[in-house]
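Student: Sharing a structure, written as structure tokens. Questions coming.
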Amino acid sequence: MSEPASEQIRRFQERLRVVSEAAQAFAEATTDYHRLLGKVARILSEVVKDACSVFLLSDDGATMTAASLHANEPAALDQLRQMFEGTPLVLAEQPALRKVLQTGESFLVPKVDPSGPRSDTTSGQVAWQRRLGLHSFLVVALRAHGRGMGVLALGRFRPDAPPFDEQDRELAQHLAAHASLAIENAQLYAGAQDARKLAERAEEMIRSSEQTHRILFEASPIASLVYDLESLRVLAANPAALKLYGYSKDEFLALGIQDLALPDERGAVPAAVKAAGDREAVGSARHRRKDGSTIHVDGRGQPTTFDGLPARFVVVQDHTDRMRAEAALLESEGRLRRTLDNMLEGYTILGRDLRYIYVNEAGARQARLRKEELLGRTPMDLYPDFEKTGMHALLQRCLRENVPVHAEEELTHLDGAKAFFEVRVQPTPEGLVILSMDNTEFRRAAQARESLEEQLRQSQKMDAVGRLAGGVAHDFNNLLSVILGYGESALVNLGPSDPVREDLEQIIKASRRAAELTRQLLMFSRQQVMETKILNLNDVIGDMEKMLRRVLGEHLELTAVLDPSLGKVRADRGNIEQVIMNLVGNARDAMPTGGKLTIETANVVLDEAFVRMHLGTAPGPYVLLAVTDTGTGMDKATRLRIFEPFFTTKAPGRGTGLGLSTVFGIVQQSGGGVWVYSEPGRGTTFKVYLPRVEGPIDADSPAPVPMDLRGSETILLVEDEEAVRVVARRILERYGYRVIVAQNAVTALQEAEKIHLMLTDVVMPLMSGVDLATRMRTRWPDVKVLYMSGYTDGSIVSHGALKDGAPFLQKPFTSETLARKVRSILDGTRRADRP
């Protein structure tokens, strides 16, 4: 299982601190490398929160002695001292340590096996590991230029501590490599000091004896050279200098001192030599070796004479490896800082006095200041009354009890703006490390989200009820088609005085009322056929105004506030009239003792903010239709159910509960939305938003002309419901048509002959009515098609409008409706009115 983000960040912070402290220690190191190793061991001991020891190799390479021992627990430190202080480790008895020194490969044991020694350990080694009580240990080599100097060892005494891993190995190897270079540099530095004394002595001897000077000069292990102060030509160079720069002696003596510098820095050399005069000079420079590589050197020069010429004797020390190590340390530190600055969370380090020590970019943004402006300040400077908040108490507790904490808190910025933060706080030796998230926008969105979730629940409930209502209406329409068909057929054969006639008329009347209910259910479920046209709501309201006043009665006042520049919408005019009528009727019933009803229209534009708060809408231009009453109003529970089918607050027998559900379905199918705003005793407003469209207003269809409904043409009837198929056939045959019957599309294709019209159901097994029509027209291109269905399927209805004006007959249908529709299509006249 991977570490949590907070633990990874904590380890990042620890590594950052170790690298920074180690870099400072390496930079300050001179000849006292024992002190340097002690500091490195102390830093690592604090990081691993356990033990760290450094052992150095003896001059004869046979033993190692403890140079530094550190442990967090006093008992563990006492064990280390008893075991190793004054007692050298004999490498002949420690093959694993000897291998680390010889090869430079680290030695990691995540978990000490108490059952027996490893293959590369000895019984003696396991014995002291067990005596110390180690659970995990890690050993890395101190080596420079292939020479072993000692080892750095980390040990776990605490059984609850995590075992050492690859990240620990990487950190230890990194510091060991730089510590090794520091040791070597310190030794070389000490040698350089001795070389300076040798150089001074050599100068005296040069004056007294040329031969003695050459012996000392040539024997020096430090790169040394002499150059002419006038010509700057190199007069002498010892073997160490030849090795450092890669030249032969003749090549070196052919150079000037400026030739050792980088090309773009050579011009400054004569001036630097002149500025040094006859004083001792110390400095650093970049030189180029014969192979073109660049080295970083420190030089110490003093005036002398050589063969009677004024010259300068220079001792040069190569610090390239140290410079590279320092650059690597800086890059490592920069990489860690870049990582922290790229975090989404705020990452802040506070001192024990709660002053900012470090903050990343995200943390600075949360505090609304630049990073450099935060350093040295406290949260009390940024958030008024911070000491009184739970956050302040939390930070104090974390410092006092040294335990990590997690909390959420609302704080106030200096400008009074509220902000909500989630923080995780981890105590460290320096103070506190804080991971923070600004959840202000999240909290602001929570209330909006709750509102949308309520709308979503309501929408899902309405969709479920709509699907149920649509399915029920479809099945009922098939049944009602049969009842109406048989009832009307029977009625035709009865005389005016037949005692059964009145019963049949009541059956037919009830069936037609049931058909009206199913039509309203189909409207609610958005499955009703719509004949959409471009129209102006002001025209619709104007044409209805007299009727609306009669519906309201004299005790109610009607006011119409219509926008004269109102845009146009695409909708079914009859359905829009029903929307207005239902809303007005609902308002009338809410004002039994009188009141005022206002109908308004306006052009509106719904923006992203409105859309976010109103589920199911899209931004853009709309036409608003608002119906407001001054009636009794309604509570929240009623508002949540107001559009459900059969839900009503009226007395029994005063309504079906389908009025507002029909409004909901029509508006939804028209691509709009409807919302209700109401409170008990303060009236109600229904707002209907319909998409605004461009284009000329469509003319109204003319009234159907009288026609002879009988015919003699051949009709192919395709219907999978047997009862509907039988009654439709009887109706058509009664009107004189020749009827060929098929129960599905495949049978229709097999048995079809030359026909004039095909009457087909839309949704059937094996093949839909639309696909059947396409296949049929490949044989008889001129055949006419009339579709019928208990609901409108997507195969012929696209977004609630008849596709390409395809002729459609809604079930249930009466005998006259079917006959009129068929006759109209066969005669090629305008489509008859919908049932």
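Student: Just to be sure I understand, how many residues within the stretch 357-404 are over 21 Å from T440 (Cβ atoms) and β-branched (V, I, T)?
Tutor: 3
Student: Same structure again: Within the stretch 721-758, count every residue that is crowded, with 19+ Cβ neighbours inside 10 Å and more than 21 Å from A819 (Cβ to Cβ).
Tutor: Adding up the residues that qualify gives 3.
Student: Sort out which residues of the stretch 272-295 are farther than 19 Å from K243 by Cα and assigned to a loop (DSSP other than H, G, I, E, B), and write them in order of number. Steps first, answer last, please.
Tutor: In the first step, residues of the stretch 272-295 are kept if they are farther than 19 Å from K243 by Cα; the result is 272-284.
Hits for the stretch 272-295 are G277, D278, R279, E280.
Student: For the stretch 224-233, state whether one or more residues are surrounded by fewer than 19 Cβ atoms within 10 Å (Cβ to Cβ), in a strand (DSSP E or B), at pLDDT 75 or above and not polar (S, T, N, Q).
Tutor: Of the stretch 224-233, the ones surrounded by fewer than 19 Cβ atoms within 10 Å (Cβ to Cβ) are 228, 230-233.
Narrowing further to those that are in a strand (DSSP E or B): 228, 233.
Among the residues that remain, those that are also at pLDDT 75 or above are: 228, 233.
Next, from what is left, pick out any that are not polar (S, T, N, Q): 228, 233.
Looking through the stretch 224-233, at least one residue is surrounded by fewer than 19 Cβ atoms within 10 Å (Cβ to Cβ), in a strand (DSSP E or B), at pLDDT 75 or above and not polar (S, T, N, Q).
Student: Select from the stretch 704-720 the residues that are within 11 Å of L757 (Cβ to Cβ) and open to solvent by less than 20 Å² (accessible area, probe 1.4 Å) and write down the one among them that is nearest to the chain's Cα centre (by Cα).
Tutor: If we take residues in the stretch 704-720 being within 11 Å of L757 (Cβ to Cβ) and open to solvent by less than 20 Å² (accessible area, probe 1.4 Å), then L717 is nearest to the chain's Cα centre (by Cα).
Student: Out of curiosity, is F217 surrounded by 15 or more Cβ atoms within 10 Å (Cβ to Cβ) and either at pLDDT 90 or above or in a strand (DSSP E or B) (or both)? Walk me through it before giving the result.
Tutor: Values: surrounded by 15 or more Cβ atoms within 10 Å (Cβ to Cβ): yes; either at pLDDT 90 or above or in a strand (DSSP E or B) (or both): no.
No, not satisfied.
Student: Would you check if A240 is modelled with pLDDT of 85 or more and part of a helix (DSSP H, G or I)? It would help to see each step written out before you state the result.
Tutor: Numbers: modelled with pLDDT of 85 or more: yes; part of a helix (DSSP H, G or I): yes.
Yes: the conditions hold for A240.
Student: Residue by residue through the stretch 113-164, note down the ones that are modelled with pLDDT of 70 or more and open to solvent by 50 Å² or more (accessible area, probe 1.4 Å). If you could, list the steps in order and put the result at the bottom.
Tutor: Step one: of the stretch 113-164, the residues modelled with pLDDT of 70 or more are 133-164.
Scanning the stretch 113-164 gives H135, R143, H145, G146, R147, R158, P159, D160, P162, P163.
Student: Among (1) at pLDDT below 85; (2) over 29 Å from D635 (Cβ atoms); (3) touching a helix residue (DSSP H, G or I) at 6+ places or on another chain (Cβ under 8 Å), there is one condition V540 misses while meeting the rest; what is its number?
Tutor: Unmet condition: (1).
Student: Can you list residue pairs whose Cβ atoms sit under 9 Å apart, with the first residue in the stretch 294-323 being touching a residue at least 60 places away in the same chain (Cβ under 8 Å) and more than 17 Å from D228 (Cβ to Cβ) and the second being assigned to a loop (DSSP other than H, G, I, E, B) and open to solvent by 50 Å² or more (accessible area, probe 1.4 Å)? Count only pairs 6 or more apart in sequence or on different chains.
Tutor: Listed pairs, sorted by first residue: R300/E280; D321/H145.
Student: If you don't mind, there's one more thing I want to ask. Hey, could you check the stretch 362-400 for residues that are under 26 Å from the mean Cα position of the chain (by Cα) and buried (at least 16 other Cβ atoms within 10 Å of the Cβ) and say which is nearest to G431 (Cα to Cα)?
Tutor: This residue is G363.
Student: Scan the stretch 247-268 for residues that are of a type in the set (A, V, I, L, M), in a helix (DSSP H, G or I) and either open to solvent by 70 Å² or more (accessible area, probe 1.4 Å) or closer than 17 Å to G283 by Cα (or both) and report the count. So that I can check it myself, show each step before the final result.
Tutor: The first filter runs over the stretch 247-268 and keeps only residues of a type in the set (A, V, I, L, M), leaving 253-255, 257, 260-262, 268.
Now narrow it down to the ones that are in a helix (DSSP H, G or I): 253, 257, 260, 268.
Remaining after also requiring either open to solvent by 70 Å² or more (accessible area, probe 1.4 Å) or closer than 17 Å to G283 by Cα (or both): 257, 260, 268.
Within the stretch 247-268, residues that are of a type in the set (A, V, I, L, M), in a helix (DSSP H, G or I) and either open to solvent by 70 Å² or more (accessible area, probe 1.4 Å) or closer than 17 Å to G283 by Cα (or both) number 3.
Student: A261 - would you say it is under 58 Å from the mean Cα position of the chain (by Cα) and over 15 Å from Q317 (Cβ atoms)?
Tutor: Numbers: under 58 Å from the mean Cα position of the chain (by Cα): yes; over 15 Å from Q317 (Cβ atoms): yes.
Yes, satisfied.
Student: Given the conditions (1) in contact with a strand residue (DSSP E or B) (Cβ under 6 Å, 6 or more places away or on another chain); (2) more than 22 Å from R233 (Cβ to Cβ); (3) of a type outside the set (D, E), report the number of the one that L329 does not fulfil.
Tutor: (1)
Student: Give the stretch 652-684 a look and list any residue that's part of a loop (DSSP other than H, G, I, E, B) and modelled with pLDDT of 75 or more, or say none. Spell out how you get there, then give the answer.
Tutor: Initially, the stretch 652-684 is screened for residues part of a loop (DSSP other than H, G, I, E, B), giving 652-658, 670-672, 679-683.
The answer is S670, G671, G672, E679, P680, G681, R682, G683.
Student: Which ones in the stretch 543-557 are open to solvent by less than 50 Å² (accessible area, probe 1.4 Å) and either closer than 25 Å to G665 by Cβ or modelled with pLDDT of 90 or more (or both)? Full working, then the answer.
Tutor: Taking the stretch 543-557 first, the residues open to solvent by less than 50 Å² (accessible area, probe 1.4 Å) are 544, 548, 551-553, 556.
If the condition is that a residue be open to solvent by less than 50 Å² (accessible area, probe 1.4 Å) and either closer than 25 Å to G665 by Cβ or modelled with pLDDT of 90 or more (or both), then M544, L548, V551, L552 are the ones that fit.
Student: In the list G283, G277, which residue meets the criterion of being more than 59 Å from the chain's Cα centre (by Cα), exposed (fewer than 14 other Cβ atoms within 10 Å of the Cβ) and within 16 Å of G301 (Cα to Cα)?
Tutor: Details: G283 fails: more than 59 Å from the chain's Cα centre (by Cα).
Unique residue meeting the criteria: G277.
The values are calculated or read from the model by the stated rules, or taken from the named source; none is laboratory data. All of these numbers come straight from a predicted model, not from anything done at the bench. Neighbour counts run over all protein chains shown; Cβ positions are idealised from the backbone, glycine included. Just the protein is used for accessible areas: all its heavy atoms, side chains included, with ligands, DNA and RNA removed. Shrake-Rupley method; radii C 1.70, N 1.55, O 1.52, S 1.80 Å.
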